[in-house]
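Inspection log for the structure reproduced underneath, given as structure tokens.
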Amino acid sequence: MNDTNMIRVHLVDDHVLVRDGIRALLERHPQMTVVAQSSCGEDAYGDYFKHCPDVLMLDVVMPGEGGLSVLRRIIGRDAQAHVLMLSMYDDAVVAKNAIEIGALGYISKGTAVDELYKAILKVAAGEAYIGADIAQRMALLKSGRGPSLDLLSGREFEVFQLLAAGKSVLDIAELLHLSPKTVGTHRTRIMEKLNCGNVAELAGIAIRQGIITA
């Protein structure tokens, strides 16, 4: 945290109303200020290193480069980044992958204001914070009663999300900064692990799990 004891927050969300709403909430808190806002994953990476916030609040699902991919790139350059993932979905697999990549916290957009403040304070201090509902789902996932998406590695899950959203192999390669051959290999493994014959079946799984909307 900086010397003034103010927690400097960088907001990343593709919806301006969401960003404005969260900013208004945070700036009611005497210890929090918003120093940057980004509307997409591509801008978030550069803005993060420009402003060096105490906490990066990063949306999971965005058009173009998604939150998990941005998280991976930022952690790859700054392993000490304090990242709080923000999601519309309480999905345990997404949360698990985010934590494994390096996020300190994960909450849903339906989180109460007091819990939002608590999560930011914890993450700013370098401590982990996971919303209660998400933590329960992660416990079920660990027990083996969770969804089959747990079979996917973190990178495979990122590719799965984009395939299910209708992105081509070339699109995904560009968004995730991978070669088309690598993306194709991930695609094949995903199909095998989830026992799917085509992308439409992948999309069906994503819709049922709440990863994307129909």
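The values are calculated or read from the model by the stated rules, or taken from the named source; none is laboratory data. Just so it is clear, the model here is predicted, and its values are computed rather than measured. Glycine also receives a Cβ, built like all others from the backbone with ideal geometry; neighbour counts cover every protein chain displayed.
Against the definition (buried (at least 20 other Cβ atoms within 10 Å of the Cβ) and within 30 Å of Ser153 (Cα to Cα)), how does Leu26 come out, yes or no? When the stated conditions are applied, Leu26 does not pass them. Scanning segment 62-109 for residues that are aromatic (Phe, Trp, Tyr) and in contact (Cβ under 8 Å) with a residue 60 or more places away in the chain gives a single hit, Tyr89. The condition (being surrounded by 17 or more Cβ atoms within 10 Å (Cβ to Cβ), at pLDDT below 95 and assigned by TED's automatic domain parsing to the domain that holds Gly21) is satisfied by just one residue among Ile107, Ile74: Ile107. Listed by position, the helices (runs of 4 or more DSSP H) inside segment 147-214 whose residues that are within 24 Å of Ile74 (Cβ to Cβ) number at least 2 are 154-164, 169-176, 180-194. Every condition in (1) surrounded by 18 or more Cβ atoms within 10 Å (Cβ to Cβ); (2) more than 20 Å from Tyr129 (Cβ to Cβ); (3) touching a helix residue (DSSP H, G or I) at 6+ places or on another chain (Cβ under 8 Å) holds for Tyr48 except the one numbered (2).
Are there any strands (runs of 3 or more DSSP E) wholly within segment 17-136 with 1 or more residues that are in contact with a Lys or Arg (Cβ under 7 Å, 6 or more places away or on another chain), charged (D, E, K, R) and closer than 23 Å to Ile211 by Cβ, and if so which? Ranges flagged: none. Among residues of segment 131-156 that are under 28 Å from Val183 (Cβ atoms), those with a beta-carbon under 8 Å from a residue that is among the acidic types (Asp, Glu) and modelled with pLDDT of 80 or more at least six positions away or on a different chain give the pairs Gly154/Glu100.
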